[in-house]
Amino acid sequence: MKSPLLFLPGAVAAEGSDEEVAAHYGDLFREQRALADGTGLVDLSHRGIVTITGDDRLAWLHLLLTQHVSELAPGEATEALVLSANGHIEHALYLVDDGTTTWTHVEPGTREALVAYLESMKFFYRVEVADRTDDIALVHLPAGSIAEVPEGTAVRETAYGRDLFLPRADLEAYAAAHGPLAGILAYEALRVENHRPRLGFETDHRTIPHELGWIGSAVHLQKGCYRGQETVARVQNLGKPPRRLVFLHLDGSEVLLPGHGTPIRLAADGAEGRQLGFITTSARHHELGPIALALIKRNVPVDAELMAGDTAAAQEAVVEV
């Protein structure tokens with residue numbers, strides 16, 4: 001379902017999982033600066049919207065998710081994961097409850113599998129799960145925005161801004177009234193700057209929460225049982241994760257950014273050196289220049305000079321070594 005905002009003058013479609021929304025609207029750095037200044041909005045209408053209603057919704061979700069949500073207050077935003085039995089990340093959910101409904105948004109292409117999993121776990125609980133993606137569109141307002149929020153709209157507010165669950169039929173009118181529009185590339189550059197992981201970008205089939213710094217923000221260590229908890233507790237109490245997320249400052253003289261999956265090696269070892277990790281997301285930032293997130297082996301020295309493909313990279317630790 002392509003966003004109607006893709007057909008506005010200047011809109012250029014994004015690629016990959018974000019292809020249903022705009023990468024930019026003609027000026028990437030202007031769009032980034034607007035978001036950093038607290039103005040404009042980002043069309044995230046390609047993300048999946050799943051709601052849970054019923055008297056047991058929070059107690060039920062508490063049993064399934066990594067986050068403590070049984071006492072989630074109305075309007076309080078949180079995030080949570082669904083793990084496999086081995087503790088690998090399967091889903092990332094961004095939640096808010098309005099007192100009667102738990103609203104969640106998830107990565108494009110993941111909602112069907114998530115809904116199927118939730119439906120399979122209902123048992124005798126008084127809950128109803130609904131895929132609302134066809135009638136609800138997600139819009140992001142940056143931190144500091146004074147844009148009006150329509151009455152009755154579910155809002156998920158965090159330090160990075162507000163996520164609005166708008167009726168899809170109102171998307172074009174709301175965007176016209178509360179622009180300027182910023183594309184997904186501007187949004188992603190700020191996400192990378194803030195070291196925020198994203199499912200399917202910073203994760204692969206064997207990622208565990210500790211590797212990405214999701215302990216605390218998405219994983220509560222003092223809650224009851226959930227699938228994958230044994231792995232979480234074992235790594236937290238007895239060991240260290242095998243990999244860690246890092247923030248990279250990339251050589252600004254290179255024309256092309258290293259893409260997702262680009263191998264990371266020690267600069268001293270050259271192109272034939274052993275691969276130590278890979279680029280997960282790269283971006284051009286309006287102030288920092290070319291930057292990236294990468295997943296590398298935990299034992300790589302923090303001060304090691306790295307190469308991302310042919311691009312020199314200096315790392316900053318995101319996850320404790």
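Suppose we look only past 15 Å in the calculated P(r) of the stretch 179-253. What percent of the Cα-Cα pairs does that tail hold? Intermediate results must be reported in sequence, preceding the final value.
Details: 1803 of 2775 pairs.
Roughly 65 percent, rounded to a whole number.
Using a Förster distance of 56 Å, how high is the FRET efficiency between Gln275 and Arg126, based on the Cβ-Cβ distance and rounded to 0.05? All intermediate terms of the calculation are to be shown ahead of the outcome.
Values: r = 50 Å, r/R0 = 0.89.
Rounded to the nearest 0.05, the efficiency is 0.65.
Roughly how big is the stretch 174-321's charge dipole about its Cα centre, with Cβ charges of +1 (Lys, Arg) and -1 (Asp, Glu), in debye to the nearest 20?
On the way: 15 positive and 16 negative charges, 160 e Å.
Dipole about the Cα centre, nearest 20: 760 debye.
Counting Lys and Arg as +1 and Asp and Glu as -1, what is the net charge of the other residues whose Cβ lies under 14 Å from the Cβ of Ala116?
Details: positive: Arg111, Lys122; negative: Glu90, Glu112, Glu119, Asp131.
It works out to a net charge of -2.
What is the spin-label model distance, in nm, from Asp310 to Glu172 if the labels are put 7 Å beyond Cα along the C-beta direction?
Label-label distance for Asp310 and Glu172, simple model: 4.5 nm.
Give me the net charge for the shell around Pro74: Cβ to Cβ below 13 angstrom, other residues only, Lys and Arg +1, Asp and Glu -1. Please report the intermediate quantities before stating the final value.
On the way: positive: Arg57, Arg156; negative: Glu71, Glu76, Asp97, Asp98, Glu157.
Net charge around Pro74: -3.
Using bins 20 angstrom wide from zero, how does P(r) for the chain break down, in % of all Cα pairs?
P(r) for the chain, in whole percents per bin: 31, 58, 11.
What is the extension gain from Glu254 to Asn194, computed as 0.36 nm multiplied by their sequence separation minus the C-alpha to C-alpha distance, in nm to one decimal?
On the way: separation 60, 0.36 × 60 = 21.60 nm, distance 2.29 nm.
Full extension from Glu254 to Asn194 adds 19.3 nm.
Positive end of the dipole of the stretch 207-314, charges at C-beta (+1 Lys, Arg; -1 Asp, Glu), about the Cα centre: which of Pro290, Pro242, Gly216 has its Cα farthest in that direction?
Result: Gly216, furthest along the dipole toward the positive end.
Counting heavy atoms of the protein chains only and a 1.4 Å probe, report the per residue accessible area for the stretch 188-321 as a whole number of Å². Before the final figure, lay out the partial values.
On the way: 6320 Å² over 134 residues.
Solvent-accessible surface per residue comes out at 47 Å².
With every protein chain left in place, what is the accessible area per residue of the stretch 16-104 in square angstrom, probe 1.4 Å? Mind showing how you got there, number by number?
Details: 2940 Å² over 89 residues.
Value for the stretch 16-104: 33 Å² per residue.
Of the DSSP beta bridges with both residues in the chain, give the percent that are antiparallel, rounding to the nearest 5. Present the calculation step by step, with values, prior to reporting the outcome.
Details: 65 of 68 bridges.
Counting only bridges with both partners in the chain, antiparallel ones make up about 95 percent.
Net charge around Asp204, counting only other residues with Cβ within less than 11 Å of its Cβ (Lys, Arg = +1; Asp, Glu = -1)? All intermediate terms of the calculation are to be shown ahead of the outcome.
Details: positive: Arg206, Arg243; negative: Glu202, Glu211.
Surrounding charge for Asp204 is 0.
Suppose a student asked you for the relative contact order of the chain, using Cα pairs under 8 Å spaced at least 6 residues apart; what percent would you report? Could the numbers behind the result be given before it?
Values: 716 pairs, mean separation 60.7, N = 321.
Reported relative contact order: 19 percent.
Where does the stretch 1-133 land on Rg/Rh, using Cα atoms and the Kirkwood Rh?
1.04
Based on the Cβ-Cβ distance from Asp55 to Arg33, what FRET efficiency comes out when R0 is 41 Å, to the nearest 0.05?
Numbers: r = 46 Å, r/R0 = 1.12.
Efficiency, rounded to the nearest 0.05: 0.35.
When only C-alpha pairs under 8 Å and at least 6 residues apart count, what is the relative contact order of the stretch 163-321, in percent?
26 percent
Beyond 18 Å, what share of the Cα-Cα pairs of the stretch 37-114 remains, rounded to the nearest whole percent?
Values: 1320 of 3003 pairs.
Percentage above 18 Å: 44.
Based solely on its DSSP helices, what 222 nm [θ] is calculated for the chain when runs of n ≥ 4 H residues each add -39,500 (n - 2.57) and the sum is averaged over all residues, nearest 500 deg cm²/dmol? Could you put the intermediate results ahead of the total?
Details: 6 runs with 55 residues, N = 321.
Mean residue ellipticity at 222 nm (helix-derived): -5000 deg cm²/dmol.
Calculate, in nm to one decimal, what Thr158 and Gln222 gain on full extension: separation in residues at 0.36 nm each, minus their alpha carbon distance. Don't skip to the answer; put the middle values down first.
Details: separation 64, 0.36 × 64 = 23.04 nm, distance 2.25 nm.
Result for the pair: 20.8 nm of gain on full extension.
Could you tell me which residue out of Val155, Leu83, Ser70 lies farthest along the dipole of the stretch 66-165 toward its positive end? Charges go on the beta carbon: Lys and Arg +1, Asp and Glu -1, centred on the Cα centre.
Checking the options against the dipole of the stretch 66-165, the answer is Leu83.
Inverting the mean 1/r over all pairs of different Cα atoms, compute the Kirkwood radius of the stretch 233-321 and quote it in Å. Before the final figure, lay out each step's value.
Numbers: mean 1/r = 0.0754 Å⁻¹.
The answer is 13.3 Å.
For a quick protection proxy, order the peptides 159-171, 88-100, 108-120 by their average other-Cβ count within 10 Å, most packed first. Let's see the in-between values first.
Values: 159-171: 17.5, 88-100: 19.9, 108-120: 15.5.
Most protected by this proxy first, the peptides run 88-100, 159-171, 108-120.
Rg and Dmax in Å for the stretch 82-181, alpha carbons only: what are they?
According to the Cα coordinates of the stretch 82-181, Rg and Dmax are 15.5, 47 Å.
May I ask you to derive the FRET efficiency for Ala85 and Asn299 from their Cβ-Cβ distance with R0 = 35 Å, giving the value to the nearest 0.05? All intermediate terms of the calculation are to be shown ahead of the outcome.
Values: r = 27 Å, r/R0 = 0.78.
Plugging the Cβ-Cβ distance into 1/(1 + (r/R0)^6) gives 0.80.
To the nearest 20 debye, what is the magnitude of the charge dipole of the stretch 1-48 about its Cα centre, counting +1 on the Cβ of each Lys and Arg and -1 on the Cβ of each Asp and Glu? Write out the running numbers ahead of the final one.
Numbers: 4 positive and 8 negative charges, 21 e Å.
Computed charge dipole of the stretch 1-48: roughly 100 debye.
For the chain, what % of the accessible area comes from carbon and sulfur atoms, probe 1.4 Å?
Working: 7330 of 14240 Å².
Answer for the chain: carbon and sulfur cover 52 percent of the accessible area.
Based only on Cα atoms, what mean projected area does the convex hull of the stretch 269-321 have, in nm²?
If you wrap the Cα atoms of the stretch 269-321 in a convex hull and average its projections, you get 3.9 nm².
The values are calculated or read from the model by the stated rules, or taken from the named source; none is laboratory data. Please read these numbers as outputs of a predicted model, since none were measured by experiment. Note that each Cβ is placed from the backbone with ideal geometry, even for glycine, and that neighbours are counted across all protein chains shown. These area figures cover heavy atoms from the full protein model, side chains too; ligands, DNA and RNA do not enter into them. Shrake-Rupley method; radii C 1.70, N 1.55, O 1.52, S 1.80 Å.
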